[in-house]
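Below is one structure, written out as structure tokens, with a few remarks after it.
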Amino acid sequence: VVVLVVGPLLYVYLPREIARWHMAASIEQRLNGDLDAAIRSITRAIDRFPENEELYRQRAEWRVENKQFPQALQDAERAVRLAPQSIEGYLVRSQVYQHLGRHAEAVADWNTLVDLAAFRGGLDRAVLLNGRAYARALAGLELDEALSEIEQALQSAGQDAALLDTRGFIHF
């Protein structure tokens with residue numbers, strides 16, 4: 001009877017628990033400055049729990065730090081596929097796109113972020129406008145719209161240094 005009750009629970013919950021152990025180990029390794037070991041540990045967590053977008057997103061962030069941009073993009077894309085309504089996945093993927101020089105795709109992710117936040121909330125509008133304006137400036141795309149958005153952000157948030165920096169970059 002115990003096996004009939006506990007068996008299915010172990011089957012469902014044990015891989016997740018083992019993935020959590022690997023994730024905890026990866027965080028500790030990252031905090032100790034061993035980024036390569038942290039990536040290996042989080043990969044073991046993903047092997048145990050491959051449908052967890054948070055694991056892919058974290059590994060993508062660490063791979064960006066490690067300048068492994070193609071691999072980071074694969075992880076970020078997987079995170080977005082697993083959780084298409086997650087703001088965090090698009091933030092990471094847009095950052096990877098910027099590193100890869102794929103600026104138009106980064107702008108497209110920022111467009112999605114603005115739409116998601118309007119629907120769900122979760123990020124300050126000035127932060128979103130700043131991010132999209134900056135992505136547009138890096139791409140050299142839609143600079144008039146970028147300038148208009150950064151002006152809106154400055155009106156709502158005040159003379160914030162990050163916003164002023166973006167405005168200066170757009171003018172540049």
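In sequence order, what are the phi-derived ³J(HN,Hα) couplings for the range 51-65 according to the Karplus relation 6.51 cos²θ - 1.76 cosθ + 1.60 with θ = phi - 60°, rounded to whole Hz, with x for glycine and proline?
For the range 51-65, the Karplus-derived couplings read 9, 9, 5, 4, 5, 5, 5, 5, 5, 4, 4, 5, 5, 4, 4 Hz, x marking Gly and Pro.
Give me the percent of accessible area attributable to carbon and sulfur for the chain, probe 1.4 angstrom. Each step should come with its number before you reach the end.
On the way: 5270 of 9750 Å².
Whole-percent figure for carbon plus sulfur exposure: 54.
Given a 1.4 angstrom probe, what's the average accessible area per residue across the range 19-93, in square angstrom?
Working: 3940 Å² over 75 residues.
Spelled out: the 1.4 Å probe surface of the range 19-93, per residue, equals 53 Å².
Return the inverse of the average 1/r over all pairs of distinct C-alpha atoms in the chain, which is the Kirkwood hydrodynamic radius, in Å to one decimal.
Values: mean 1/r = 0.0564 Å⁻¹.
After inverting the pairwise mean of 1/r, the radius is 17.7 Å.
How long are the semi-axes of the equivalent ellipsoid of the range 97-165, taking √(5λ) for every eigenvalue λ of the Cα gyration tensor, in whole Å from largest down? Can you show the working numbers first?
Details: eigenvalues 68, 47, 18 Å².
Its equivalent ellipsoid spans semi-axes of 18, 15, 10 Å.
Against the longest alpha carbon principal axis of the chain, how many degrees, from 0 to 90 and to the nearest 10, is the axis of helix 35-48 turned?
Taking Cα atoms only, the helix is inclined about 60 degrees.
The values are calculated or read from the model by the stated rules, or taken from the named source; none is laboratory data. These numbers were taken from a predicted model, which means no experiment stands behind them. The area values use the complete protein model at the heavy-atom level, side chains included, leaving out ligands, DNA and RNA. Shrake-Rupley method; radii C 1.70, N 1.55, O 1.52, S 1.80 Å.
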